[in-house]
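J.: This is the structure I want to talk about, given as structure tokens.
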């Protein structure tokens, strides 16, 4: 049996839902999941649909071609179709913090994440032993002012060689280049250690401490050119008080970062996230 | 323009979604919301759909009749169709606690609740001044062992006279009779002051205190014959510690009760709740 | 029996706790609550202590005088001593939103708040009926560009005449004057409808919607000259999604605002809040 | 410099705080943390105090002896004194689930936990590779009906040989023997995968699914003879909906279990937990 996930967005108008469900039915598909959303301010229609096909002659590529030439064209849709047989390939970028790395690899090992991790890239050697323990190839690509271009080329080479689908910055402490971002639009997931848009940039826990907030947060978002301003996928928060030092905030924050990032990765790999106007529509 | 909300559940099989959306399209409707769920353990299909009709000849009753004789019959559906023009009528049952009453009437007054409150019933006179302030008719129906039957008859008479659609027990401190429950199945909403199924029955805050829990809760559910065991609509929780006395738990709990009950009422009046196997499917 | 609450802060050094507890013991007091905090970055010691005195000759004013001339002077303390017999007097400033008003007056009526409300001030007449229902004197003081000074004088006159201890801005939609702030330092409590420091200023729910955050918040803080930048007392949050319109955010936010403001008022009247360096130390 | 943590509970009476702080001051100690609680229902006084001693002649054992013979005796106190120089020794009991194991060892490795882990005991071999990766000795002690006594003897031997201070059951799927419990009273920490007291016993996620709760939880508690009924240290919750299958609840629950257990372990090793009447007093 074949199963596909279809993501659509287009200008809102009448009968989109009936047209799409009708189309699927005619092709012999059985819809097992449907969700939709209309942004009334922008007048945009969003839809996520999962369908199973039992016909022997079905191929995802054939379906894609047909969809593209008929419905997609008629409604002027932006669309993506994924086969559930293909696991997305994720590249992990890390630096010196190990908590998100342990967390993601632990979930990966236990089968919780529906993805492949062909390799890990780090600008430091500190966490190589963890990658080794989990038997994931580790590439040390140091980044300095002078080697920035060279490092980026090495990164891109690896990403392309392994047909990487998306990148996760698991507390990677370098700013990702414009070139990389443009090659992986809405495909680079970052975890920022604050409740964005509060405390953009470096040392957010220090800023949170100074401001005396009673709640801290973590935000996972797609990376765009503007720092910490990309579409938000997931946010988490935790209560704090005057008794917490900056170190306590950092420790509490680690638990937030781990879970918020893991949730964002799962939403992304389950094809549940659509991006529009620098915001996300997430079909849970 | 007419707008209807359609709720369906039936045995799961192929092409239900396409059949329904097709049917709506043929009748000239534009689907503005669709959500569905399949209970894989029970093999039941659930669906909620909102559709707008601009054809002059459209009537909700005509649509109902057609739907009943075609699709509903073909798929052996349980279904309900609501016109968005009709506001549901809610009867409020109260006793001596005023927090949920103030909260609901405050929201009612500010237009937050899409319903009508034809009257309030109480077994005590204490809260009559609040009903008076909000200009809602107040009926004092005392309940004692001897007057139980008589009281129930008076309640039923009022409910029927005003064509009440559903009842909210806003900390009503009497057990509702089997007869009333059977006349309003899944239409009596209660707020229980614990995180069910923990602490069923009376004095849950005392039990929570004794057990030393670190989190307390409140649960809004439909009333069934078994005490505090009906389908759960909404739950809320709050952190507590050893520093909280029973009185503190009660005070903290009041805030939970208010919000959990108000949310449940809103979900019910927005026709977002379906009940099956003593559980709820809620299409947010 | 007399009961006092003592709040202290001073430069940290050895033996402050023993000195204070010893002093209380010598004066015949029994300490029923003690909590302390040291800000290690600033080297400041904070303490909150409740003590009961059963000696007939005890007077709060006598104790204050003694404390001032001995310990307070020796350790160069900033300190406040409150008798538990005196209820603080709160002035309520409102405009057109009624949810915080209903919430606070409901709690006030049910005895949950340990304070007096001598009057309500509003720059609009809309909510007068609510004040009337709760039998709280209502003063309509309109504020326009031209009448700003005059309005402020009327406000100050009322505040002084009734010996108001602190002011609560329950969604009061005017900026409070520098003069008022300087007369009531850390005694004006505001509720801001965002998770500060995100979305300072007007229309925070609109900004939150635009940024596509997944969590919204509310913040209660003391008013200082810089807008929305005063010491934070309490914050609350709620999860939201792409399905929420701006109106939905506003509705969800109302529930946050009510509870966050009520909690802040309770912490303030229970003398549990100390302010230092634009932050709060809160002894729960 | 020496630093001690002192935990006390005794019948409530006047002047305990002043007596203790005075005692510490006379011995040359500087109190850096003090917190206290009175259970008004039981009339019990609780206190936690940290004090630093800079005198050369200070020894923890000498201080203990003196305290025992003077204050402790005078007030009939239950008390414990810990030197901050001694790290508690924790034995980890595991079975087949790896999420709590990864989480605790990740935190241990990064220095977040102030303890030593001399060894891991498991009734299965599955997780040995993880123990090996983290270089913690792993003892495989299978438990069957026939070998139960023998297994317990081996466990006890290991625990005694390494002077284990407390035991953590990180999803250990065997019921711990009465003998072990009596040797480690309030020193065996379990993580139960429900919001106790709801869903005691096996398969709580299945029960939660069946009941249709809207919030699931996890509870860390000390093990007592009655199953899942010991003093609660920490609880956590997460929202769920009808869309979550049992497998989804289990996956969501894993994140709760990890964090709730880690927090309980930290509270225990920081000597912040006191147990009384099957409840905990926790000085955060």
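Only the coordinates and a few stated rules stand behind these numbers; no lab work does. Nothing here was measured: the structure is a model prediction, and the numbers come from that model. Don't worry about glycine lacking a Cβ; one is built from the backbone with ideal geometry, like all the others, and counts go over all protein chains shown.
J.: Please compute the volume of the convex hull spanned by the alpha-carbon atoms of the protein assembly as shown and report it per residue in Å³.
T.: 212 Å³
J.: Which whole-number percent is the relative contact order of chain D (Cα, under 8 Å, 6+ apart)?
T.: Values: 493 pairs, mean separation 41.8, N = 284.
Normalised by residue count, the contact order of chain D is 15 percent.
J.: Shortest first, in nm, what separates the label point of residue D:26 from those of the same position in the other copies (7 Å along Cα→Cβ)?
T.: Result for residue D:26, in nm, nearest copy first: 1.6, 9.6, 9.6.
J.: For the stretch C:159-203, just list the percent of Cα-Cα distances falling in each 5 Å bin from zero outward, please.
T.: Over the stretch C:159-203, the share of Cα pairs per 5 Å bin runs 5, 17, 26, 26, 15, 6, 4, 1 percent.
J.: Extending each Cα 7 Å along its Cβ direction at residue A:83 and residue B:139, get the distance between those two points in nm, one decimal.
T.: Output for this residue pair reads 6.6 nm.
J.: To the nearest 500 deg cm²/dmol, what mean residue ellipticity at 222 nm is calculated for chain D from DSSP H runs of n ≥ 4 alone, each contributing -39,500 (n - 2.57), summed and divided by the residues?
T.: -9500 deg cm²/dmol, from helical runs alone.
J.: Choose one answer from A:239, A:139, A:162: the residue with the largest mean-square fluctuation in a GNM of chain A with alpha-carbon springs under 10 Å.
T.: Maximum fluctuation in the GNM of chain A, among the listed residues, is at A:239.
J.: Based on DSSP, what percent of beta bridges with both residues in the protein assembly as shown are antiparallel, to the nearest 5?
T.: Of those bridges, close to 75 percent are antiparallel.
J.: Which order results if A:184, D:172, C:82 are arranged by neighbouring Cβ count within 10 Å, fewest first?
T.: Going from least to most buried by this count: C:82, A:184, D:172.
J.: Also: Taking all pairs of distinct Cα atoms, average 1/r, flip it, and tell me the Kirkwood hydrodynamic radius of the stretch A:89-282 in Å to one decimal place.
T.: Roughly 17.0 Å, rounded to one decimal.
J.: With respect to the axis carrying D onto B, what is the closest chain D residue by Cβ position, and how many angstrom separate it from the axis?
T.: In residue-and-Å form, the answer is D:198, 2.
J.: Using the basic label-point model (7 angstrom from Cα toward the beta carbon), what is the residue B:202 to residue D:182 distance in nanometres?
T.: Computed distance between label sites residue B:202 and residue D:182 equals 3.9 nm.
J.: If only Cα atoms are counted, what is the Rg of the stretch C:29-178, and what is its Dmax, in Å?
T.: Calculated on Cα positions, Rg and Dmax stand at 20.1, 57 Å.
J.: Let me ask something else. Give me the distance in nm between label points sitting 7 Å out from Cα along the Cα-to-Cβ direction at residue A:238 and residue C:69, one decimal.
T.: 5.1 nm
J.: Direction-averaged shadow area of the convex hull around the Cα atoms of the stretch A:74-152, nm²?
T.: Its Cα hull, projected and averaged over all orientations, spans 8.2 nm².
J.: Where q = 0.13, 0.14, 0.16, 0.25 Å⁻¹, what log10 of I(q)/I(0) comes from the Debye formula for the stretch A:137-179, counting one point per Cα?
T.: Treating every Cα as an identical point scatterer, log10 I(q)/I(0) equals -0.28, -0.33, -0.44, -1.11.
J.: Using a 10 Å cut-off on Cβ to Cβ distances, tally the other chain neighbours for every residue of C:242-251 and report the average as a whole number.
T.: 3
J.: While we're here: Summarise the partner chain shielding of C:127-139 as one whole number: the mean count of Cβ atoms from other chains within 10 Å of each residue's Cβ.
T.: Mean number of neighbouring Cβ atoms from other chains: 1.
J.: Under a 10 Å cutoff between Cα atoms, tell me which one of C:159, C:227, C:169 has the largest fluctuation in the Gaussian network model of chain C.
T.: C:227
J.: Peptide B:104-113: average number of partner chain Cβ atoms within 10 Å per residue?
T.: Average per residue, whole number: 3.
J.: Okay, next question. In which sequence would C:280, A:59, C:224 go, from the one with the fewest C-beta neighbours within 10 Å to the one with the most?
T.: So the residues, fewest neighbours to most, are A:59, C:224, C:280.
J.: State, to one decimal in nm and shortest first, how far the label point of residue D:150 sits from each corresponding label point in the other identical copies (label point: 7 angstrom along Cα-to-Cβ).
T.: 6.3, 7.6, 9.8
J.: With Kirkwood's inverse mean 1/r over C-alpha pairs for Rh, give me the Rg to Rh ratio of the stretch C:2-83, two decimals please.
T.: Here the Rg-to-Rh quotient is 0.96.
J.: On a 0 to 90 degree scale, rounded to 10, what angle separates helix C:246-269 from the longest Cα axis of chain C?
T.: That works out to roughly 20 degrees.
J.: Related question: Please report the relative contact order for the stretch B:49-130, taking Cα pairs under 8 Å with a sequence separation of at least 6, and give it as a percent rounded to a whole number.
T.: 30 percent
J.: GNM on chain A, C-alpha springs below 10 Å: top fluctuator among A:89, A:187, A:203?
T.: A:203
J.: Another question about this same structure. Based on alpha-carbon atoms only, what is the radius of gyration of the stretch A:182-230 relative to the globular estimate 2.2 N^0.38 Å?
T.: For the stretch A:182-230, the normalised Cα radius of gyration is 1.23.
J.: Suppose you put the label 7 Å out from Cα in the Cβ direction; list, shortest first and in nm with one decimal, how far residue A:210 is from each other copy's label.
T.: 2.6, 5.3, 5.6
J.: The stretch B:76-120 to the stretch D:197-215: how many Å between their Cα centroids?
T.: Between the Cα centres of the stretch B:76-120 and the stretch D:197-215 lies a distance of 31 Å.
J.: Quick check on the stretch B:1-140: of the DSSP beta bridges with both residues there, what percent are antiparallel, nearest 5%? Walk me through the numbers on the way to the answer.
T.: Values: 26 of 34 bridges.
Approximately 75 percent, going by the DSSP bridge assignments.
J.: Here is a follow-up. Contact order normalised by length for the stretch A:96-209, with contacts defined as Cα pairs under 8 Å and 6 or more residues apart; what percent is it?
T.: 19 percent
J.: On to the next question. I want the antiparallel fraction of DSSP beta bridges within chain D, as a percent rounded to 5.
T.: If we restrict to bridges inside chain D, about 75 percent are antiparallel.
J.: Taking the Cα centre of each part, how many Å lie between the stretch A:1-38 and the stretch D:142-187?
T.: 56 Å
J.: Pairing the Cα long axis of helix B:16-26 with the longest principal axis of chain B, what angle in degrees results, from 0 to 90 and rounded to the nearest 10?
T.: Roughly 70 degrees, rounded to the nearest 10.
J.: Given R₀ = 56 Å, what would the calculated FRET efficiency be for residue C:40 paired with residue A:149, taking r from the Cβ atoms and rounding to 0.05?
T.: Result of the calculation: an efficiency of 0.80.
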